[in-house]
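Since the structure comes first, as structure tokens, the remarks are kept for the end.
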Amino acid sequence: MKKSYWVWGIVVIILLYGVVSYNGFVKLNAGVDNQWAQVETQYQRRFDLIPNLISSVKGVLAQEQKVFGDLADARTRYSGAASVGDKVAAANQVEGALGRLLVIMENYPELKSSETVQTLMAQLEGTENRISVERSRFNESVTAFNIRVRSFPSSLMAKIFGFATRDLFEAVQAAATAPQVDLIQ
């Protein structure tokens, strides 16, 4: 009779561990999804600012139509991207085209004196800082989740419940060098 209590006790402990593990994975997974949503919110802010900046600059930079086309193409690719990886690639394409636009703008003194352009550039700079912070937080969330998925014995539970590691946000190598913009010369 005492043996059956031990067996039932062990079964209950295993079941409780399974429930707690599952709930932990769900919480961490939701945290990763939430943090990616924060990254996307900042991308949307950037995408909303870019057309205003382009409109402010377009008249003066009529010969730079390729950069405008590249930005529009990148925004379209981002909105059509299905996975986080595709969105990261499209966001990196936006950053590259935006960097080229900023370098071009630097070469036009009449743009530097425009209050509208200066205001939009300040907003864009703030948005880029927010994106950087949210990407970092996203990677922290993914790292915590991945550690839990890979650690023993929770790795066993992760396999049972179908949780797999998530990809970190990794920028392209070219994004490591930010374009230098000097609006006041």
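Data for the structure
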read-out: Residues of segment 134-145 satisfying the condition of being more than 17 Å from Ala91 (Cα to Cα) and either in contact with an Asp or Glu (Cβ under 6 Å, 6 or more places away or on another chain) or surrounded by 20 or more Cβ atoms within 10 Å (Cβ to Cβ) (or both); value: Ser141, Val142, Phe145
read-out: Matching option when the condition is modelled with pLDDT of 80 or more and of a type in the set (D, E, K, R), among Glu95, Glu40; value: Glu40
read-out: Residue match in segment 63-84 (condition: of a type in the set (Ser, Thr, Tyr), more than 20 Å from Phe169 (Cβ to Cβ), modelled with pLDDT of 80 or more and exposed (fewer than 14 other Cβ atoms within 10 Å of the Cβ)); value: yes
read-out: Unmet criterion (only one of (1) β-branched (Val, Ile, Thr); (2) modelled with pLDDT of 80 or more; (3) over 19 Å from Gly31 (Cβ atoms)) for Val142; value: (3)
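Listed here are the residues, each with its yes/no results for (1) surrounded by fewer than 17 Cβ atoms within 10 Å (Cβ to Cβ); (2) among the hydrophobic types (A, V, I, L, M, F, W, C); (3) under 17 Å from Gln38 (Cα atoms).
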| residue | (1), (2), (3) |
| --- | --- |
| Ala122 | yes, yes, no |
| Ser132 | yes, no, yes |
| Arg148 | no, no, no |
| Ala158 | no, yes, no |
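The values are calculated or read from the model by the stated rules, or taken from the named source; none is laboratory data. This is a predicted model, so every value here is computed, not measured. Reconstructed Cβ throughout: ideal geometry from the backbone, glycine too, with neighbour counts over all protein chains shown.
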